[in-house]
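Student: Sharing a structure with you now.
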Amino acid sequence: MEIKREKSEEANERCWVAVILGIFAIVYALLVASHLSIAYIDFGDGNYLYISTRLADGLVLYRDILSPQPPFHLYLGAVLVWIGRALGSALYTVRVFSILLHLGTMLVMYMVGRRVIGNRAGGVVTAAIYLLLPIGFWWSLGYESELLEILFLMLSFLCFIEAGGLQLASRPEAAGKKMAVAGVLAVCAIFTNMTAVPYVGFSALWLLVRRRRLVLWYLVPIAGLSIVGIAVLELLSGGNYLGNVFFNQVATFPKRAISGQSVVAYAIGKIMREGKDVLFWEGPYIVLALLGLIGFMRRGLVAQASQPVFNNQRVREYIGWYGLFSMLSIVFVSKGATMEYIFTLGEPFVALFAAYFVIEFTRRTYRATDQTDGGTSQPAEEKIDVAGDTSRVVSLIGAGLLVLVCAVIGIAFIRVTLLQKNYEQDAQGVRQIVSYIEKHSKPGDPILAPPYYAFISKRRLYEEYSELFIWTIKYKNEVIVEKRPGEGVRKAESIANALAGKQIPIVVLDLNQTGRIPPIRDAIERFYKPLLEKPIHTLNTPIQLYIPKL
C-alpha cells in the first residue's frame, strides 16, 4: 500500500509539473505570436534570414555568400525557408520555429534545474525565471544562432553532469557513453556558433584535472566529428569555410589605426558599456544568482534521473565554475559587431542559480518552522502549529515577491520589446521602405540594402553584399592598416562600378556603414538621387533611399 501511495503521489506531482510548464508555454507562445509582424528586429536576424533564403535558392555557403558563422543555424534556416515557401510564408514559419525553440530550451532548463537543485520545484522555478529574463526574451524573437547554440550547450551540460556523477568504478561504460553524447552535442554547438568553443574547452580541461578516465570519451567524438565536418565544409565551399568562420571573426576586432585604441582598451571599454545595460535589465536576477552560486558551491546537491539525490563534490565544483564561466559571456562583446545580447549565453545559469537561491530560501524557512514547538509540551503529532503554518505561507509569499521584484524591470523591458520600441525598425517603417523597393524594382532584382529589406521584399543583394559590418571592416583594414587591396576593396569597387552603370535600381543605404565606404558613397552621390527629404532614423542607424538619376 505504501508503494502504491508513493507512486500515486509521484504521478500527481508529474501531472502538476506538466500542467504548470504547459501554462508557461501557452502564455509565452500566445504573447509572442500575438505580436508577430514584419518588423525589423535586429540586423543579425535579417542577415541570417537573407542568407538562409539564398541557400534555399541554391547558393553555396561560404563560396557564394559570406558568413562568419558555422553552418548548422544557416542550413536549418534554409530548410525552414523551403518549408515556409510551401506554407505561404517563410517569415512566419521561421518565427514560429523560434517560439518552439525557446520553449524547448525552457524544458531543458526544467530538467537541468531538477537535477542540479534536486527536486521538481527547482526545475519549475528555473524554467519560469528563464522565460522571464528580458534579454533572452528579446533575442529569442529573431532567428539568431545563439538560441540553437544554447540548446545544444545545455543538453551537453546535462549529459556531462550525469556522466560525471556516475560512479566510475561500478558503471564506467555507462558514464563513458553519456560523456560521448555530451561530446557530440558539444560539436553541434560549435558548428552553430564559435562562441561555444571556450565552454567546450573548459569542460575538457575540467575532465583532464578531475575525471581523466572520461576525457577521451568526451574529446574523441569532438575531435573526430570536427575534423570530418571541417573537411566536408572546406570541400563543399571550395576552400572558403575556415577563412570565413575563423578569419572574419578575428577581423571584427578593430585595429588601433581604425578605432584609435589598442585591442585591450577597446575591449575593456565595450565590456563596461554593454555590461551596464545587462546589469540594468537583469541586475536583480544576477545578484540572486551569485548568492545562489555561493550557497550551491558550499552545500549544493545534484540530482540524477536514475538515482536518488546524491552529493558529488567534484560535479558540484564543475557546475559552479562552469556556471560562473558562462555568466562571463559578456566578454564576447569585445568583438566589433557583438552587443549585450551575447549575455544570453550566461542566462541559463542566471536562471539556475537564482532558482536555487529561491528554493533554498523557502526550504530553510520550512526547516526552521518544523524545528519550533510553539512553546508547548504537546507531542509533535498533536500540535496545532499556527505560527509554523503562517511562517510557511509567509516564506512562500516572500519567495514569490523576491522573484517579482527581480522581474519588474525585466517585465518593463519585455513590454517595450513587444511594442517594437527596441526593434531596429517597427512594422510601419518596414512597410514604408518595402513600398519604395517594390515601386522601383521587380522581385529578384539586385538591390543594395541591409539584408532584411532584401529578404522581406523578395529581392537579392548585389553581389550578395549582406554582412555589412564585416565588409566595412575588411575595406578599412585593407585601405588604412594593411595598405594593400584585397577582397574588401574589390567588393567595394565592384559595387561602385555597378552604381556608375546604374545597374542597381534602388539603394537603401545604411549611412553609418556602407555609406562610409568612399567608392560606394561617391558613386551614389554622382549617379543617384535621394528619395527622401531627410534620412529615416532606425534604432541604430540612419537610412536614406536612392534611385538612379535620369
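Student: For the stretch 176-200, what are the residues that are over 19 Å from the mean Cα position of the chain (by Cα), small (Gly, Ala, Ser) and either crowded, with 22+ Cβ neighbours inside 10 Å or closer than 16 Å to Leu153 by Cβ (or both)?
Tutor: Ala182, Gly183
Residues are listed down the side, and each one gets a yes or a no for (1) among the acidic types (Asp, Glu); (2) over 19 Å from the mean Cα position of the chain (by Cα):
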| position | (1), (2) |
| --- | --- |
| Glu13 | yes, yes |
| Tyr28 | no, no |
| Ser34 | no, yes |
| Asp42 | yes, no |
| Asn47 | no, no |
| Leu61 | no, yes |
| Pro71 | no, no |
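Student: Identify the residue in the stretch 260-282 that is small (Gly, Ala, Ser) and part of a helix (DSSP H, G or I) and, among all such residues, is modelled with the highest pLDDT.
Tutor: Just the residues of the stretch 260-282 that are small (Gly, Ala, Ser), to begin with: 260, 262, 265, 267, 269, 275.
Next, only the ones that are part of a helix (DSSP H, G or I) stay: 265, 267, 269, 275.
Details: Ala265: 79, Ala267: 78, Gly269: 83, Gly275: 86.
Here the residue is Gly275.
Student: Looking at (1) at pLDDT below 70; (2) touching a helix residue (DSSP H, G or I) at 6+ places or on another chain (Cβ under 9 Å), find the lone condition where Gln425 falls short.
Tutor: If we test Gln425 against (1) at pLDDT below 70; (2) touching a helix residue (DSSP H, G or I) at 6+ places or on another chain (Cβ under 9 Å), just (1) comes out false.
Student: Would you confirm, using the coordinates I've provided, whether Gly113 is out of contact with any Cys (no Cβ under 9 Å at 6 or more places or on another chain), surrounded by fewer than 24 Cβ atoms within 10 Å (Cβ to Cβ) and in contact (Cβ under 8 Å) with a residue 24 or more places away in the chain?
Tutor: no
Student: Could you please tell me which pairs satisfy a Cβ distance under 9 Å, a separation of 6+ or placement on different chains, a first residue in the stretch 236-259 that is assigned by TED's automatic domain parsing to the domain that holds Thr338 and at pLDDT below 90, and a second residue that is basic (Lys, Arg) and part of a helix (DSSP H, G or I)?
Tutor: Within 9 Å, the pairs are Asn248/Lys474; Ala251/Lys474; Pro254/Lys476; Lys255/Lys476; Ala257/Lys476; Ile258/Lys476.
Student: Restricted to the stretch 316-348, and to residues that are assigned to a helix (DSSP H, G or I) and free of Cβ contacts under 8 Å to residues at least 60 places away in the same chain, which residue is farthest from Arg210 (Cα to Cα)?
Tutor: Result: Ile330.
Student: Looking at the stretch 185-201, I want the residues that are closer than 14 Å to Ala223 by Cα and have a partner that is among the hydroxyl-bearing types (Ser, Thr, Tyr) with Cβ atoms under 7 Å, at least 6 apart or on another chain. Which pairs are those?
Tutor: Once the first residue is closer than 14 Å to Ala223 by Cα and sits in the stretch 185-201, its partners that are among the hydroxyl-bearing types (Ser, Thr, Tyr) give Leu185/Ser156; Ala186/Ser156; Val187/Ser226; Ala189/Ser156; Ile190/Ser226.
Student: While we're here: Could you grab me the full set of residues in the stretch 477-509 that are out of contact with any Leu (no Cβ under 6 Å at 6 or more places or on another chain), within 16 Å of Leu545 (Cβ to Cβ) and surrounded by 15 or more Cβ atoms within 10 Å (Cβ to Cβ)?
Tutor: Across the stretch 477-509, the qualifying residues are Leu499, Pro505, Ile506, Leu509.
Student: Working only within the stretch 202-212, note down all residues that are outside any loop (DSSP other than H, G, I, E, B) and either touching a residue at least 40 places away in the same chain (Cβ under 8 Å) or buried (at least 21 other Cβ atoms within 10 Å of the Cβ) (or both).
Tutor: Passing the criteria: Phe202, Ser203, Trp206, Leu207, Arg210.
Student: Filter the helices (runs of 4 or more DSSP H) completely within the stretch 70-177 down to those with at least 1 residues that are touching a Leu at 6+ places or on another chain (Cβ under 9 Å) and over 23 Å from Ala29 (Cα atoms). Break it down stepwise before answering.
Tutor: Values: elements: 72-87, 90-117, 120-132, 134-139, 145-165.
The qualifying helices (runs of 4 or more DSSP H) are 72-87, 90-117, 145-165.
Student: List the number of the failed condition for Ser37; all other conditions in (1) assigned to a helix (DSSP H, G or I); (2) modelled with pLDDT of 95 or more hold.
Tutor: (1)
Student: Quick one: in the stretch 60-110, which of the residues that are without any contact (Cβ under 8 Å) to a residue 24 or more places away in the chain and farther than 22 Å from Leu345 by Cβ is surrounded by the most Cβ atoms within 10 Å (Cβ to Cβ)?
Tutor: Gly84
Student: Filter the stretch 90-122 for residues that are polar (S, T, N, Q) and farther than 23 Å from Leu141 by Cα and give the result.
Tutor: Asn119 - this is the single residue of the stretch 90-122 that is polar (S, T, N, Q) and farther than 23 Å from Leu141 by Cα.
Student: Shifting gears a bit: Examine the stretch 48-56 for a residue that is at pLDDT 95 or above, part of a helix (DSSP H, G or I) and polar (S, T, N, Q), and state whether such a residue exists.
Tutor: Yes, because at least one residue in the stretch 48-56 is at pLDDT 95 or above, part of a helix (DSSP H, G or I) and polar (S, T, N, Q).
Student: So which residues in the stretch 283-302 are buried (at least 21 other Cβ atoms within 10 Å of the Cβ) and either of a type in the set (Phe, Trp, Tyr) or at pLDDT below 90 (or both)?
Tutor: Tyr285, Phe296, Gly300, Val302
The values are calculated or read from the model by the stated rules, or taken from the named source; none is laboratory data. None of these values were measured; they are calculated from a predicted model. Cβ atoms come from the backbone with ideal geometry, glycine included; neighbour counts cover every protein chain shown.
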